[in-house]
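Step one of this worksheet: look at the structure below.
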């Protein structure tokens, strides 16, 4: 079905080019093939709704003679079919000339990343006023990048950042070592709160040790929010 659709698209585009002067028609045929390859890749791509995908088609050498295809035109992937970073599209014309052309394509997947929107010093409290979402190439990102502004809200920086720099889970602590925290525990409908001190750094969802200020007992709990540790019995 894809091959049939792209065949019609290609033949229609070349029919338009045939009404142009020869020099322009020749150039346009190369461009039509490039657009043909791009459209084919777009039809194959599956992306996350949060991603922004861009496709860069390698320009076809204009010294290559492209003749109009009078037969069946088809496009298919060559080799690696994961479509993560790059692909090669084989465009084939099945007629008396029986020609084919390989067109390399680069696929760039941009994902949302939390970054600083101005220079920030170590110990700065992160809020919606000093952070923002930017889109970056996924393959260039190191592990630990954050895509949700809510994840860093009221977290503290463990190092200095320049404007526009990515904020990773290694750069922040929602609960910081030595910081006073509230320890909460629930039994049935009863919730008990007591003061404590964090014995290590933690981000949302981390399990860390805290010392109960009153009993001096060390317990483990889950970071629920800035300064909040949940103990589950």
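The values are calculated or read from the model by the stated rules, or taken from the named source; none is laboratory data. Computed from a predicted model, the values in this text were never measured in an experiment. Counting neighbours? That spans all protein chains shown, and the Cβs are built from the backbone with ideal geometry, glycine included.
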Original post:
If you take the residues of the range 205-233 that are touching a strand residue (DSSP E or B) at 6+ places or on another chain (Cβ under 6 Å) and under 18 Å from residue 149 (Cα atoms), which of them is surrounded by the most Cβ atoms within 10 Å (Cβ to Cβ)?
Top reply: 223
**OP:** Could you pull out the residue among 185, 200 that is surrounded by fewer than 17 Cβ atoms within 10 Å (Cβ to Cβ), within 12 Å of residue 228 (Cα to Cα) and in the same structural domain as residue 218 (by TED's automatic domain parsing)?
**Re:** 185
Subject >> Criterion (more than 19 Å from residue 119 (Cβ to Cβ) and over 15 Å from the mean Cα position of the chain (by Cα)) met by exactly one of 181, 139, 152 >> reply: 181
